[in-house]
Each structure stands twice: as structure tokens, then as C-alpha cells.
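Chemist: To start, I am sharing the structure in question, which I have written as C-alpha cells.
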Amino acid sequence: MEKKELQDSIRRLVKEKNAVLLAHNYQRAEIQEIADLTGDSYELSVKASKTNADIIVFCGVRFMAESAKILSPGKKVLLPNANAGCPMADMISAEELERLKSLYPDAFVVGYVNTNADVKALTDVCCTSSNAVNIVKAAPSDKIIFIPDKNLGSYVKKFVDKEMIIWNGYCPTHHHIYPEEINILKHENPDAIFVCHPECRPEVVDLADKVTSTSGIIRFTKEDPHKKFIIGTEEGIMYQLRKNSPEKEFILASNGFICPNMKRTMLEDVLLALEKNRYEINLSPAIIEKARLPLERMIQMSTAVVQK
Ligand code: SF4
């Protein structure tokens, strides 16, 4: 089937089955084009939970679909490509976190939402890349276990005066971008603003004019008066940037800024997911209940910080 035919068939099934189609900002453009909602992983799960859809089709990676299931246990959640995982989320297991917690029993565990459900269930609170600093500041302890991203952890550490035990995980896509590449681009484009995601290595973050989440990058580049931006995150975001600010110029910081897992999902997968109800996310009620608590606490703690 041609692209347009596939897209039309997907949209028809989305409607017929009372589904909602979510696409993370890093998905292929042809999927973002037909999604009901695009955005950051957690933001998408929250928005989907507020719809009256019976089925959530999550075009992203497994931990994202799991978060959607945790927030919408009564809905069927489908991950169109069963092999779309996240190497960073897989860098810490529940057993490893249990061991770490036993070494620091008085520490408060802050887990980035990029964790698998069984790991989330063992954390005290979750955080996103946009609220991580505030969540760690608001945590009721001066000793923090931060998992799994060492780059986000070291970014947060710059803003808080707390002891942080940071897990050695990282996003292979963001971590393998080096300051040398950024310096060359900055030199070639002196009028450009460099915006990057905090999953980048600290030496790259140090070069940024603005550090923020994917949705933050889309918002910032739209509102900022500059006309040219060097973009330090995954390639899929270019679709949203060009759509939101067609008059501006965006330069991807590196040709290697592609997450293979985010690109696994094809239109054919989305169509088959809807036709065959595959691949359904199944989590035990116990895991859903335990993993929901740190997500709810994140909302409470973010609200508390905002109200201060
Ligand atoms: S971009 Fe990085 S954090 Fe996001 S899914 Fe890919 S590997 Fe995981």
C-alpha cells in the first residue's frame, strides 16, 4: 500500500475502534502527520488518559506505552512494534535498583519516566526531563538515588545542593553526540542558537544556550525571536519544529541523532496494531498500583513547587 492509502486506512480504523493515536516527537514524520496527539512521552500518557477512547495506540517505545497503561488501566494499550524498546530504560533492572536501595536505605529514589514499569514501581517519585530539577529540590531528603540517566542526573546536580547517587545509564542516541561536532556547527553558524536535551553528555549541555525537553524545544524555538537553531535532540523533532515554525531554520546537531528504536514503528505496524489488536501491553494489577504512586507523587510535588 502507498503511504496515503496506509494513512487513510489507519485513520478509518482509529475512528471505527474509538482509539486514540499517539506519536512521540521522535517518531517518523508520516506517523506524526496522522496522530491525534504528538508530544513528550509522559504528556501523551496523561492526555490519553483524559480521552474517552477505548484503545490507546502508542507510537513510541515500550516504557511509554507502559506509562499509558499505568495511567489508563481500563483502556487497551497497544505498542505497534513489539521490538521498540529503550536501551536506557533497560540499563537498570528491578533487582539492581533493589540492591542500590539496600546500600542507601535513607535515600529518596527519583526515577526518570524513562524506566520500565517494574523499576518505576520501586521508585519514590518519577520525574520528566522538564521537572527533574524541581522534583529533586522538593524531595524530602538530602540524599537522592537518581536513575537511570547519568546525564540528566548530572544536569540536575548543578542546581541542587544534595548528595546524589546517580545510576550509570544513558541514552545511546543523545550520549554519542560530542562537543567537537557542536563547536564546528556553532563556528559555521554564529547566528544560531544551540538548544539541547539534558540527556546529552555534560560537555554538550555546557555549550547550549537553552536546555529543555522535546516539547520545551518546540515551544522555545517558536517563541524565541532568533531565526536559526542548532537542535540537540533526536531527528524526529524536526517534523514538529518545521511545522510549528516554518519561517525558521533548523540544523540537526548531528546526522547520527537517530534513535533506531523510535524509528522501528512503520505505518504498516500501526495498521496491523489496529486490525489485530497487537501488541497489547499487559501489566499485573500489583505493578500498575505500585508504579502509579510515583507518577502521582510527581504531579503533587510539581504542583507544590509551583505553588511555593
Ligand atoms: S531516544 Fe534514547 S531515551 Fe529515547 S527511546 Fe531512544 S534510546 Fe530511549
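Readers should treat all values here as calculations from the given coordinates under stated rules, not as data from a laboratory. Because the structure is predicted, anything quoted here is derived from the model rather than measured. Here the Cβ is made from the backbone with ideal geometry for all residues, glycine too, and neighbour counts use every protein chain on show.
Chemist: If you take the residues in segment 147-174 that are aliphatic (A, V, I, L, M) and closer than 15 Å to Ile135 by Cβ, which one is nearest to the ligand (Cβ to nearest atom)?
Modeler: Per the criteria, the residue is Leu152.
Chemist: When you go through Ile217, Ile177 one by one, which is the residue that is on the phi < 0 side of the Ramachandran plot, within 16 Å of the ligand (Cβ to nearest atom), in contact with a strand residue (DSSP E or B) (Cβ under 8 Å, 6 or more places away or on another chain) and without any contact (Cβ under 8 Å) to a residue 40 or more places away in the chain?
Modeler: Exactly one of Ile217, Ile177 is on the phi < 0 side of the Ramachandran plot, within 16 Å of the ligand (Cβ to nearest atom), in contact with a strand residue (DSSP E or B) (Cβ under 8 Å, 6 or more places away or on another chain) and without any contact (Cβ under 8 Å) to a residue 40 or more places away in the chain, namely Ile217.
Chemist: Take the residues of segment 96-119 that are in a loop (DSSP other than H, G, I, E, B) and under 16 Å from the mean Cα position of the chain (by Cα): which is nearest to the ligand (Cβ to nearest atom)?
Modeler: Asn114
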